[in-house]
Structure formats: structure tokens, C-alpha cells
1. Across the range 88-119, which residue is nearest to residue 207 (Cα to Cα) among those that are charged (D, E, K, R) and away from ligand 2 (no atom under 15 Å from the Cβ)?
2. Mind listing just one residue for me: the one in the range 206-256 that is part of a loop (DSSP other than H, G, I, E, B) and at pLDDT below 90 and, of those, surrounded by the fewest Cβ atoms within 10 Å (Cβ to Cβ)?
3. In the range 176-200, how many residues are away from ligand 2 (no atom under 16 Å from the Cβ) and either of a type in the set (A, V, I, L, M) or under 23 Å from residue 95 (Cα atoms) (or both)?
4. Show me the strands (runs of 3 or more DSSP E) entirely contained within the range 1-109 in which 3 or more residues are within 13 Å of ligand 1 (Cβ to nearest atom), under 30 Å from residue 163 (Cβ atoms) and out of contact with any helix residue (DSSP H, G or I) (no Cβ under 6 Å at 6 or more places or on another chain).
5. State all residues of the range 352-362 that are touching a residue at least 24 places away in the same chain (Cβ under 8 Å) and over 37 Å from the mean Cα position of the chain (by Cα); if no residue qualifies, say none.
6. Mind checking which residues of the range 86-124 are hydroxyl-bearing (Ser, Thr, Tyr), under 23 Å from residue 140 (Cα atoms) and surrounded by 15 or more Cβ atoms within 10 Å (Cβ to Cβ)?
Amino acid sequence: MDLFEYQGKQYFARFGIPVSPGGTADTVDDAVAEADKAGYPVVVKAQVQVGGRGKAGGIKLAADADEVRTHAANILGMDIKGHVVRRLWVEHASDIAKEYYASFTLDRSAKLYLGMVSAKGGVEIETVADEDPDAIARVSINPAVGFSETQARELVDGAGIDEEAKAGVIGILLNLYRCYVEGDADLVEINPLILTPDGRVHALDAKVSLDDNAAFRHPEWDDFRDIDEFDQRERLARSKGLQYVGLDGTVGIIANGAGLAMSTCDVVNQVGGEPANFLDIGGGANAEVMANALEVINSDAKVKAIFINIFGGITRGEEVANGIVDALGRVTINAPIVIRLDGTNAEEGREILKAVTSDMFISRPTMLEAARTAVELAGAPAADPTAGADK
Ligand code: GDP
Ligand code: MN
């Protein structure tokens, strides 16, 4: 599991690695509030899991609230190498005298850990490795023996770290190694690790990749997964191999085939509802897939009704119906389901569905009727908080 910078910094702080005070923000107003707390000047930073955010315009210094507002508005929603920025990290800006680099990672071929330090920080380490390989000091670490202060000193001397920064960098390296080992990471990287004009050394960026095999002994890692509700739904769907896109509405949608799933979203809109998602379960509709789809829809608290829209083709109506009945037995459903089953052997399928028909499971012969019923059951769309202030 890769962490976002702000999560990586939280992790670093646990191991005594100095980072700047700050907070996360998902809106422009929150960014200003966090900036006020952190104290100006601040740096507004896009939280995406990709390097080179600075060059892409995703990292901006702000001297006051107005500048925070401008930068936050620009950066939120920005696309950085295919990653859309949904969250910012706003921290008190540091004065930089020097930028260094430090990391620990696994050297698989040597079956050892690898520690690296460079006095050329702030640029991607791959670039330094290409252009000036001697600028990177390396040390191999035997996991059974550990990382010593002597090795830390060798790294710092080898990299040509400035005299006044040496003690600080060595202290951070020892803690960074603890973070790597005790924190069960595959990679910990600080770029840049800075020296301030007043002689302090601290981490301005954090790249941490956790070893998922160790998740069982880190219940606290669960906090890192809750990035936002959308990601959670999409992540669950992805883990189940479903084609899912999270939307904002209250009508959960399950359909077979991408085209039908899209038309289902359209018809829900057409009768005044809002789809909660796009979900294509593909050609077949067996119990396993249907149960997975229902589970994903269930995980979305906003869903007030579920619309299952299946057109039987090669998969015949009765197979689909049996799959649905079986799936209903496997998952607890929180919202009423409306089903439209059509296509090959639809009649036979509907006959099977009659056995499970209830207030919570309603069958409708056409797509339009099914959409109307689902939208009715979902009730009025959630009130727009910016509207109706006159009431
Ligand atoms: P990256 O481009 O994704 O690696 O993002 P970083 O967090 O490493 O930031 C990129 C660059 O922005 C750094 O190398 C710094 O030069 C600059 N930067 C980041 N934070 C600060 C800060 O607090 N003060 C100053 N002056 N520059 C900063
Ligand atoms: Mn960086």
C-alpha cells in the first residue's frame, strides 16, 4: 500500500522524524482554515501518488489567505499525470538552505536492505543516478545485523552532506531505518530532506510504501485506507473485478453490459432520479457476481433503492433469475430492489423471481417502469444545502 505524502509524514512523525505542522483540506475554505492554523507562509501541496508534483504546478507557496485561496482552487481538480487531485496538504513553509535525499528500500537481488543518501536532493533520484551516479552514497544493510550509527556516518560523509547538517541527518537516518523496519515498509524516501538556514534538518516530502503482508500486525493502517467514501466503493468493486464508477445519487444500478448500464443511468435520470453508480456485471449473471455487485452497492450509505437491469442473451433468463435468488440469500440488502428482466427466456426467469417477490424485491416488465419505481422508492434526491434558504 502506497501512502499519500500527508500519511507518510504522519508515519514519519511516529518514528521521531521531524516534519512541518499542517493539515489536510478537500475544499478551498478548509485549505484557508488549515493555513491559518499552520501559520503563514504556507505551502499548498497536491496529494497524489505520483512524483514531480512540484514541476506539474501541484506545489505552491502562499504568503497569505488570498494566495492560499488562489492556489487551492487551481490545484484541487488538477490532473497530474492522470491522477486527479482531491485532497491538499497545507503546511507551514520552510526556508531552505540545502536539499538532500535519503531512503531505505529492499535490494531484492542482493537480499539486503539498501540505504541511500545524496546531497543532490529535490530532483528525482533516478535523474541523479543517470547524470551523476557518484553523488549518491549507498550502503547495504544485513537485516539480521541492522543499521549502525557508523554506517549512517559513512553515508553522510560519502554523500558530502554539509558539516552543519551531519548530526541532524544521521539522527534522521537512524529513525528512518526504524520506520522502515518496525513500520514494515518496503520503501521510505525523503526528497527533499532539508537543511534550514538556522541549521535544522527536516523532511519536506514523504514517500512511504507499506508491505501489505505485514498488515495483520498493523490495525492502525486501516486509517490510511479511508481516503474518501468514493475511493472505498471503487476499491471494493475493483477487488471484486467489477466495472464500477461511483456517482453521487441514491439509486444503485446493476446492469449487464456497459451499454445497458449507461442507458440505465440515463433512464434513471430521465424519470427524475440520480444514479449512485455505474456498474456493469458483464455478460453472465451468476450468483457469485450478483452477490458481489449487491455487496458493493450495499457499501454505499447513500443508496436508497437498487435497480437491477438485466437483458438475457446467451445467459438465459432462468439462469439470471436463479443467480439473483441465490445472491439474495448470501447478502443482507439495506435498500429495496427493483428488477427488470428481459431478453432470452425472460418469462421463465420472472416466474422464478416471483418466489422472492416482496416489498423489498419488486419485478417490473419494462426498463422505464422499473426506473420509475426505483426512483420513487429512493424518495426525493438529497436536499441541496445551498438551496431553499428562504423556507
Ligand atoms: P514532488 O515534486 O512531488 O517531489 O514534491 P515535494 O514535496 O518534494 O516538493 C517539490 C519542491 O517544492 C521541493 O523540492 C521544494 O523545492 C519545494 N518546496 C516544498 N515545500 C517547500 C517549503 O516548505 N518551502 C520552500 N521554500 N519550498 C518548498
Ligand atoms: Mn519530493
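The values are calculated or read from the model by the stated rules, or taken from the named source; none is laboratory data. Everything quoted here is computed from the prediction, not taken from an experiment. Neighbour counts are summed over all protein chains in view; Cβ atoms, including those assigned to glycine, are modelled from backbone coordinates with ideal geometry.
1. Let us first name the residues in the range 88-119 that are charged (D, E, K, R), namely 91, 95, 98-99, 107-108, 111.
Then keep just the ones that are away from ligand 2 (no atom under 15 Å from the Cβ); that gives 95, 107-108, 111.
On the way: 95: 21, 107: 17, 108: 19, 111: 22 Å.
Per the stated criteria, the residue is 107.
2. 226
3. Total meeting the criteria: 7.
4. Because the criterion is at least 3 residues that are within 13 Å of ligand 1 (Cβ to nearest atom), under 30 Å from residue 163 (Cβ atoms) and out of contact with any helix residue (DSSP H, G or I) (no Cβ under 6 Å at 6 or more places or on another chain), the strands (runs of 3 or more DSSP E) in the range 1-109 that meet it are 98-107.
5. Hits for the range 352-362 are 352, 353, 355, 356.
6. Answer for the range 86-124, where residues must be hydroxyl-bearing (Ser, Thr, Tyr), under 23 Å from residue 140 (Cα atoms) and surrounded by 15 or more Cβ atoms within 10 Å (Cβ to Cβ): 100, 101, 103, 105, 113, 118.
Here is a yes/no grid of residues against (1) out of contact with any helix residue (DSSP H, G or I) (no Cβ under 7 Å at 6 or more places or on another chain); (2) more than 23 Å from residue 246 (Cβ to Cβ); (3) among the polar types (S, T, N, Q); (4) surrounded by fewer than 23 Cβ atoms within 10 Å (Cβ to Cβ):
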{"site": "289", "(1), (2), (3), (4)": "yes, no, no, yes"}
{"site": "295", "(1), (2), (3), (4)": "yes, no, no, yes"}
{"site": "298", "(1), (2), (3), (4)": "yes, no, yes, yes"}
{"site": "301", "(1), (2), (3), (4)": "yes, no, no, yes"}
{"site": "306", "(1), (2), (3), (4)": "no, no, no, no"}
{"site": "315", "(1), (2), (3), (4)": "yes, yes, yes, yes"}
{"site": "326", "(1), (2), (3), (4)": "no, yes, no, yes"}
{"site": "329", "(1), (2), (3), (4)": "yes, yes, no, yes"}
{"site": "345", "(1), (2), (3), (4)": "no, yes, yes, yes"}
